[in-house]
1. Which pairs, out of 223/334; 90/113; 270/302, put more than 23 Å between their alpha-carbon atoms?
2. So, R0 is 22 Å and r is the distance between the beta-carbons of residue 419 and residue 467; what FRET efficiency does that work out to, to 0.05?
3. Counting Lys and Arg as +1 and Asp and Glu as -1, each charge on the Cβ, what is the dipole of the chain about the Cα centre in debye, to the nearest 20?
4. At 7 Å along Cα-to-Cβ for each site, give me the label-to-label distance between residue 185 and residue 38 in nm.
5. What does the C-alpha gyration tensor say about the overall shape of the chain? Classify as rounded when a/c is under 1.5, otherwise prolate if a/b is larger than b/c, or oblate.
6. Round to the nearest 10 and give me the degree value, 0 to 90, for the angle of helix 414-434's Cα axis relative to the longest principal axis of the chain.
7. What's the local net charge at residue 426, with K and R +1, D and E -1, over the other residues with C-beta under 13 Å away?
8. Could you tell me what percent of the accessible area of the chain is made up of carbon and sulfur, with a 1.4 Å probe and every protein chain present?
Amino acid sequence: MARDAAQTEVDNLQDSQRALRQENYRVLRVVSRKAQRTKAQLRGVRGHLHSIEGIIPKAKNDLLASTTALAEADKTVTYYRHQNKAYQRKIHILQLRSDRAPRAMENAISMAKKTAHKRALTLSLRHRGTFTPQARALARALVKSGCSQHTVATVIARVAHAMGASVKHNMSRRTVQRAILEGGVAAKVQLGHEMSHTASLTASGDGTTNRHINFDSRHIAMKVDTYLAKPLTSSTVSPVTSSSIPKVRLLGVDSSVDHTSETQVSGWKKKIGEISDTYSASPLAQRESGSFHPDDFALKLKGMNGDHAEDQRKTYRLMGVWKEEATFASLADKAILTLTWDELRPYVDTAVDTKVDEAGGNAMWEALAPEEKTVRDLAMMRALSVRLGTDMLARLPEAVQQSLKSLIWAGCSMHKEMNSVKGGDRTMQAAWTLLGLDPPILLANRDNAATLELAPTTTESISVAEERVLNVSGRGGVKTTSLAGAMFNHKD
């Protein structure tokens, strides 16, 4: 039994071995198939890994770019978060300001009113440390009206005080004096500018004495621009425009050594020369390339006006000589620029020959001093200018000649009116006797009054001296006016 059991055990073991071998074979087959599939999968994985290895650098770059972009995006987000917070703070501040705006507006209006009122009550005569043109013009107007230079500041302050204002920066006497000098220079520049652009002008003058000092006044009449239509520029200035109006300009009142006609004409030339020099050196003349020569005044002079005294008539004649010389010089200058040398040579040769002949010949001319030669050369040039200008004037049409030579004289009727007053006074005095009326009382001076007190009452027994006293002693309104002038405005 034991044997059978062992045999059975053996058989069982053999069956188990066979079953195990079969299982092992089956497992091996399964494992083999799995191994083959695994190898195939490994080959696929290896191929995939190979492809992945090619993608990894690009992926790394993309990852780096994505990381950088993310960092930038983070920064942007952070920036906008801060901006948002800042805007929120600004919005909050604006809301607070908006809430305070009505009160701030009220305060601003109140302060503006106070400031405007304060400024309105304060007159500042300076701008950036310099007295304004308006202040200087005001000073000149006050002095012209009779205010002394050292009281101008006081007058301005008192007028401002009367209007409820105060003055800042008072003007000293020297400042007022400088303002007057500036006004004089500006007036000369304006006169030079206007005379250089006008087509024609007339002049008038007269003289008088004050405490034995001669004074001459001079005026000119011409058409000038109103300075209102356009700003003054070189492109808009024209000699005669639609806005030009007639004006009388004062050239000045100047003292002179005497009242002769020669002195008066010399004063005219001196005054015009000063205006010419001032205007020619001014920025206005330089900006518009303008010029004004004293002879330009004589060329444009078309008329003279004065009283009927003989010195004024002679002054008119001398001014005519100046105009004639200026006309000849102007025409001679134009001829020199237009004529050829062959046309000019006869004039020059004649002038040179005349100069040498007047000196006594070539030998005497060479023996003259250089200074004397210069004087004679200048005289020759003046004579040449007159001769050349005379010939050029004769070649012009008659109408043009008349226009160049035109110079009208007009007399003043003041002396005629004074003579009529004197004649009326004498006629009235004669009417008292003719009508048997009592004349006004005799207004004799102190010495004549003493003589008349001692004279007899009847006219038959009076002496020649007493008769003369009666004749020279005046009476009536004319004598009263004369005595009042001697008392209240005596020349001495």
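The values are calculated or read from the model by the stated rules, or taken from the named source; none is laboratory data. As the structure is a prediction and not an experimental result, all values here were calculated from the model. Here Cβ is always computed from backbone atoms with ideal geometry, including for glycine, and neighbour counts include all displayed protein chains. Quick note on the areas: whole protein, heavy atoms, side chains included, nothing else; ligands and nucleic acids left out. Shrake-Rupley method; radii C 1.70, N 1.55, O 1.52, S 1.80 Å.
1. Values: 223/334 27 Å; 90/113 31 Å; 270/302 19 Å.
Over 23 Å Cα-Cα: 223/334; 90/113.
2. Values: r = 26 Å, r/R0 = 1.20.
Approximately 0.25, to the nearest 0.05.
3. Result for the chain is approximately 5540 debye, rounded to the nearest 20.
4. 11.7 nm
5. Verdict is prolate for the chain.
6. Result, in degrees: 40.
7. Net charge in that neighbourhood comes out at +2.
8. 58 percent
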